[in-house]
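Trainee: Below is one structure. I have some questions about it.
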Amino acid sequence: MDLPEKLQDAVLNISKLPGIGNKTALRHALYLSKLSGKDLERFGDSFKNLQYLQKCTKCGMFTDDNKLLCDVCSSPVRSSSNVICVVETIIDCLAVEKSGQYDGKYHILGGVLNPLLGIGPDELKIEKFISRVFEENINEVILGLNPSVEGDATCSYIKQRLEENGKEQVEVSRIGFGIPMGGSLEYLDSMTINKALENKKRI
């Protein structure tokens, strides 16, 4: 049975979201079809307005239309910090912030080095980050990039560029990776166990 074209179009667009297949998309579309016209308009407007999101001129986090800086960069307390955490994406930034254990600055690269995909230092604007370290007198850089070949290469490149620019005195560290709380060794892959061993601490 062919579905109405309007419904098919909704299913097609919903299925473009990550992790959503055709069945789930159809279920969501059918639910949305039950909403009132006003609710659907508000729903649609909320997505349409995403195109007007602005990014902080310093760190790359989203900010309101009329603000050049995000809440972190415009905070007197946070902006005076000499510690900066480098992350790959905005989602990673939100995850660190949600932990409540970090009160420094952020810098969002927007990806990691990947020559096969044409992502190099220029695409990630790494030189802009290096300049920021100098301008803001940063003395500690925390690399919060995910453990992968590309993530490791990006961390090494950033550390190398800092040293080449005379910032050897900057403490460069990387967040620990390994066994999650409640995890069991028998169910973990060898890479996770290797990272856990690399990041062992004296007790």
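Trainee: Could you tell me which of rounded, prolate or oblate describes the stretch 24-134, using a ≥ b ≥ c as the square roots of the eigenvalues of the alpha-carbon gyration tensor, with rounded for a/c under 1.5 and, failing that, prolate when a/b is larger than b/c and oblate otherwise?
Mentor: Numbers: a/c = 2.39, a/b = 1.73, b/c = 1.39.
It is prolate, given that a/c is not under 1.5 and a/b is the larger ratio.
Trainee: For a quick check: with amide H placed at 1.01 Å from N, whose amide H comes under 5 Å from Leu113's, ignoring anything fewer than 5 positions away on the same chain?
Mentor: Thr154
Trainee: How much net charge surrounds Ile142 when only other residues with a Cβ under 11 Å from its Cβ are counted (Lys, Arg +1; Asp, Glu -1)?
Mentor: Numbers: positive: Lys105, Arg174; negative: Glu140, Glu171.
That sum, taken over residues with Cβ under 11 Å, equals 0.
Trainee: Assuming a ≥ b ≥ c are the square roots of the Cα gyration tensor eigenvalues, decide whether the stretch 112-203 counts as rounded (a/c under 1.5), prolate (otherwise, with a/b larger than b/c) or oblate. Present the calculation step by step, with values, prior to reporting the outcome.
Mentor: Details: a/c = 3.09, a/b = 1.61, b/c = 1.92.
Because a/c hits 1.5 or more and a/b fails to exceed b/c, the stretch 112-203 counts as oblate.
Trainee: Right, next: Under 12 Å from a label point 7 Å along Cα→Cβ of Phe177: give me every residue in the stretch 105-149 with its amide N that close.
Mentor: Only 144-149 pass the distance filter.
Trainee: With every protein chain left in place, what is the accessible area per residue of the stretch 72-165 in square angstrom, probe 1.4 Å? Could you put the intermediate results ahead of the total?
Mentor: Values: 4810 Å² over 94 residues.
I get 51 Å² per residue for the stretch 72-165.
Trainee: Please report, as a whole percent, how much of the solvent-accessible surface of the chain comes from carbon and sulfur atoms (probe radius 1.4 Å). If you can, show how the numbers build up before the last one.
Mentor: Details: 7780 of 14000 Å².
Summing carbon and sulfur atoms, their accessible area is 56 percent of the total for the chain.
Trainee: Quick one: Karplus J couplings for the stretch 106-119, per residue in order, coefficients 6.51, -1.76, 1.60, θ = phi - 60°, nearest Hz, x for Gly and Pro?
Mentor: 10, 9, 9, 6, x, x, 9, 4, 8, x, 5, 9, x, 9
Trainee: Right, something else. What distance in nm separates the simple spin-label points at Asp122 and Ser184, each placed 7 Å from Cα in the Cβ direction?
Mentor: Reported label-point gap for Asp122 and Ser184 is 5.2 nm.
Trainee: Taking springs between alpha-carbon atoms closer than 10 angstrom, which of Asn22, Asn66, Asn82 fluctuates most in the Gaussian network model of the chain?
Mentor: Residue with maximal mean-square fluctuation among Asn22, Asn66, Asn82: Asn22.
Trainee: While we're looking at this one, here's another question. What order, most packed first, do the peptides 12-21, 173-182, 55-64, 84-93 have when packing is the mean number of other Cβ atoms within 10 Å of each residue?
Mentor: On the way: 12-21: 10.6, 173-182: 12.5, 55-64: 17.9, 84-93: 19.7.
Going by the mean number of other Cβ atoms within 10 Å, highest first, we get 84-93, 55-64, 173-182, 12-21.
Trainee: ³J(HN,Hα) across the stretch 55-72 via Karplus (A = 6.51, B = -1.76, C = 1.60, θ = phi - 60°), whole Hz, x for Gly/Pro?
Mentor: 10, 4, 6, 9, 9, x, 6, 5, 9, 5, 3, 9, 10, 7, 10, 6, 4, 5
Trainee: Taking H placed 1.01 Å from N in the peptide plane, check which residues at least 5 places from Lys55 or on another chain put their amide H under 5 Å from its amide H.
Mentor: The answer is Thr63.
Trainee: Would you work out the charge dipole size for the chain about its Cα centre, treating the Cβ of every Lys and Arg as +1 and the Cβ of every Asp and Glu as -1, and quote it to the nearest 20 debye? The partial results should precede the final answer.
Mentor: On the way: 25 positive and 28 negative charges, 92 e Å.
Using Cβ point charges on Lys, Arg, Asp and Glu, the chain gives about 440 debye.
Trainee: Another question, then. Tell me the net charge near Phe129. Cut-off is 13 Å between Cβ atoms, Phe129 excluded, with +1 for each Lys or Arg and -1 for each Asp or Glu.
Mentor: Numbers: positive: Lys58, Lys105, Lys125, Lys128, Arg132, Lys159, Arg161, Lys167; negative: Glu88, Asp122, Glu123, Glu127, Glu135, Glu136.
Residues near Phe129 contribute +2 overall.
Trainee: Amide H of Arg174: which non-local residues (sequence gap of 5 or more, or other chain) have their own amide H closer than 5 Å, using H built in the peptide plane?
Mentor: Leu143
Trainee: Tell me, how many Å apart are the Cα centres for the stretch 1-28 and for the stretch 157-203?
Mentor: The distance from the Cα centre of the stretch 1-28 to that of the stretch 157-203 comes to 41 Å.
Trainee: Give the span of the chain's Cα atoms along each principal axis, as three whole-Å numbers ordered largest to smallest.
Mentor: 66, 51, 36
Trainee: Does the stretch 94-141 come out rounded, prolate or oblate, given a ≥ b ≥ c as the square roots of the eigenvalues of its C-alpha gyration tensor, rounded meaning a/c under 1.5 and, failing that, prolate meaning a/b above b/c? Each step should come with its number before you reach the end.
Mentor: Details: a/c = 3.62, a/b = 1.38, b/c = 2.62.
Oblate is the answer for the stretch 94-141, as a/c is 1.5 or above yet b/c matches or exceeds a/b.
The values are calculated or read from the model by the stated rules, or taken from the named source; none is laboratory data. Just so it is clear, the structure is predicted and the values come from calculations on it, not from any experiment. Note that we place each Cβ from the backbone using ideal geometry, even for glycine, and neighbour counts take in every protein chain shown. We work out accessible area using only protein heavy atoms, side chains counted, and drop any ligands, DNA or RNA first. Shrake-Rupley method; radii C 1.70, N 1.55, O 1.52, S 1.80 Å.
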